[in-house]
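Here's the structure, in structure tokens; my notes come after.
The values are calculated or read from the model by the stated rules, or taken from the named source; none is laboratory data. Note that the structure is predicted; figures quoted are calculated from it, not measured. Counting neighbours? That spans all protein chains shown, and the Cβs are built from the backbone with ideal geometry, glycine included.
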Amino acid sequence: MEIFPKVKLRVRISQNDAHYAGNLLDGAHIMQLFGDVATELTIRYDGDEGLLRAYESVEFLQPVHGGDFLEVFGKIINVGNTSRKILFEAFKIISSSNNVHQESACDVLTPPILVAKAIGTCVVTKDKQRSKKQLVESSDDQVIDDFNKIKTGEPSRMSHKNKR
């Protein structure tokens, strides 16, 4: 059984991103984050950005406000000849504590709150599928190890790739 890639994007919603009264984020912003996740997934699977063709379903479940931190997940759940069906989920992981005496106070949400979910389909035409199954998902430990090596000047996987 083939294991399909999954990705995670972590972002802070800025006060400038708020679109509605009450510092509320519009759903279109979350859809843009889903699109960014879809792009990374098709790059990892096919070596090409592909095109987000359609959504089967989209649900906005909880409000998101300026200052909130989100984790957006995507996972390819089905692959056709040119289509890649993707499950998207967005979770609020940090939110303002709404403490009037300490405006900068925030709360880490345990467990995170599911704020939106969707199922969408990306298309990567056959002529653009160039690296299918060749790209391996990096573990968080590998990324942290690479970052630490770069900080200390040691060679990392990234510096090795850049010497081509």
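Output the residues belonging to the range 1-38 that are touching a Pro at 6+ places or on another chain (Cβ under 9 Å) and either modelled with pLDDT of 95 or more or crowded, with 18+ Cβ neighbours inside 10 Å (or both).
Restricting attention to the range 1-38, the residues satisfying the condition of being touching a Pro at 6+ places or on another chain (Cβ under 9 Å) are 22, 24-25.
The answer is Leu25, and nothing else.
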(message) Out of Val11, Val64, Val79, Val37, I need the residue that is of a type in the set (A, V, I, L, M, F, W, C) and farther than 15 Å from Ala116 by Cα. Which one?
(response) Val79
(request) Please tell me if Val58 is modelled with pLDDT of 60 or more, under 30 Å from Leu24 (Cβ atoms) and either touching a Leu at 6+ places or on another chain (Cβ under 8 Å) or surrounded by 11 or more Cβ atoms within 10 Å (Cβ to Cβ) (or both). (result) yes
